[in-house]
């Protein structure tokens, strides 16, 4: 125990150093500062130091070491920056790039980019062929592809929107990666994501919603809707997303039952080195000594590479499963995959063996007690229940944690209400750019959605029998019948009898090719084209806002929910007594929609 005189001296040191410590921690994200202060105080009042000056020096050096550590991982990025500060940094980046251009007026764009290379690297932006680029950074597209030139790349660098997206993503991922390493993400701290990241994503969604509510889409008939209203009609709405996913899964099951195929529920997990923490039971967690410092995005890439090897091996064995893949986080944010796959009965054992072999090859010494920590397979017994019922909870808890009636589905495996946990899951997927749901081995859902648009637009003549039959199945929400009309499971995209009709020649704000715009569907045999997007939509700010450059052909409004998608809302003339004045809106923000960007 410290002598009373030493205790008083060290308390004086704590008071004298408070302002100094505050200044050192200005560039450290807020969620880490409390922990660093506790460590500082612990060292300052430690009995290990006989002299008060030694204790003070050790405590202050520790704070400086932690500050320097965050500077090192952040580079020129201020990891403690608020969103407003990041927007200011985006403006400053544009000003710097423009100043380089003014300074070297005679230089071509390629030379200007070379001069900016170091500046870009310090802000997590790398050229497409830079081998030193870290995982999760922003890579500039390759010149001479899809209309990309050195001039269009330079136009990116003088766009504040580009820099806002880059800086938000870089700061969010670097801070969250450090939070995982420091123990802020696990069952005892922040489940799936740190609390600060959850608040950041929540604030971003509020800004996105405000922007959608401030923008109005109108067509040539005078129909008007805010983008928020249209978003609520799409699969962006959790109710619609859940309904459509369950419709498709139920359709998979109908197909499998009719063909007498086996239904397998597989779980594939990453090796121990991707996990920052281990559960000990009764809510206890402990740091994993094997953890390699990887991020969830790197773990997701490992799983994607593993699955690519499995698919290749299954192809060599002429095994073509179909179904769904769901990615969700462990308590410490490391992803794992659930796969609901259907396959002929005589191929089920071979497919299980392939999955087990590839999933357990790496770090095999960890699996002395069995393969279950890395791979698990459950064969669904049709006599005991449905595959859709088995997987429903996995779908719901990764969307909004609620049933179709809006009630929570209960407590999840981590002991948290699923409605609460779902928000954290969505934040996790947003920060790390992880696709949660993916369809396997069957016709793309985009064709299904376009056919439903056709069914919702009266007066459209369909001059193709197969498009007509597929549209009827889609309109009725019969996924199994839709797949049957298209030729069943296992078809390649090039072999589908119905394809998407696209408009080419579109360019983005930088003058680069941006692919195609979907206009309808095409009968692959006779070339009959059926247009699904019959209205021309323009998007503009509400009248009391500054006018923006219009968008055209916003997705044709879809219809009221049936079979997993939506139906047409009543026209504005009906909803608003024929008054075509646009609704009042909240203040406009310049943030883009779609989570942390």
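FYI, it's all coordinate maths here, none of it is from the lab. It should be emphasised that the depicted structure is a prediction, and the values quoted were computed from it without experimental measurement. Cβ placement follows ideal geometry from the backbone for every residue including glycine, while neighbour counts extend to all protein chains displayed.
Here are a few things to note about the model shown:
- With a Förster radius of 51 Å applied to the beta-carbon distance between residue 308 and residue 19, the computed FRET efficiency rounds to 0.40.
- Acute angle (nearest 10 degrees) that the helix 30-44 long axis makes with the longest principal axis of the chain, alpha-carbon atoms: 20
- Label-point separation in nm, residue 413 to residue 363, each point 7 Å along Cα→Cβ: 1.7
- Residue ranges 230-242, 95-107 sort as 230-242, 95-107 when ordered by packing (mean number of other C-beta atoms within 10 Å per residue, highest first).
- Centroid-to-centroid separation of region 10-75 and region 238-302 [C-alpha atoms, Å]: 40
- Label-to-label distance, nm, for residues given as residue 288 and residue 82 (7 Å Cα→Cβ offset): 3.7
- Tilt relative to the chain, helix 465-475 - C-alpha long axis, 0 to 90 degrees, to 10: 50
- Relative contact order (%) - the chain, alpha-carbon pairs under 8 angstrom, separation at least six: 16
- Order of 259, 43 - criterion: other Cβ atoms within 10 Å of each residue's Cβ, fewest first: 259, 43
- Computed extension length for residue 48-residue 378: 113.3 nm, one decimal, from 0.36 nm per residue of separation with the Cα-Cα distance subtracted.
- Highest-first arrangement of 423-430, 526-533, 451-458, 382-389, where packing means the average Cβ count within 10 Å: 423-430, 451-458, 526-533, 382-389
- The stretch between residue 493 and residue 39, if pulled fully straight at 0.36 nm per residue, gains 157.6 nm over its current Cα-Cα span.
- For the chain, calculated [θ]222 nm from helices alone, where every DSSP H run of n ≥ 4 adds -39500 (n - 2.57): -14500 deg cm²/dmol
- Sorted largest first, extent of the chain alpha carbons per principal axis (Å): 93, 65, 52
- With Cα atoms, 0 to 90° folded angle of helix 387-396 axis to the chain main axis: 50
- Computed over region 315-420, the percent of Cα pairs more than 24 Å apart is 37.
- Counted by neighbouring Cβ atoms within 10 Å, the residues 536, 492 run from fewest to most as 492, 536.
- Order by protection proxy (mean Cβ within 10 Å, highest first), peptides 136-148, 362-374, 333-345: 333-345, 136-148, 362-374
- Taking all Cα pairs closer than 8 Å and separated by 6 or more residues, the relative contact order of region 83-175 comes to 39 percent.
- Region 185-310 - percent relative contact order, Cα under 8 Å, separation 6 or more: 17
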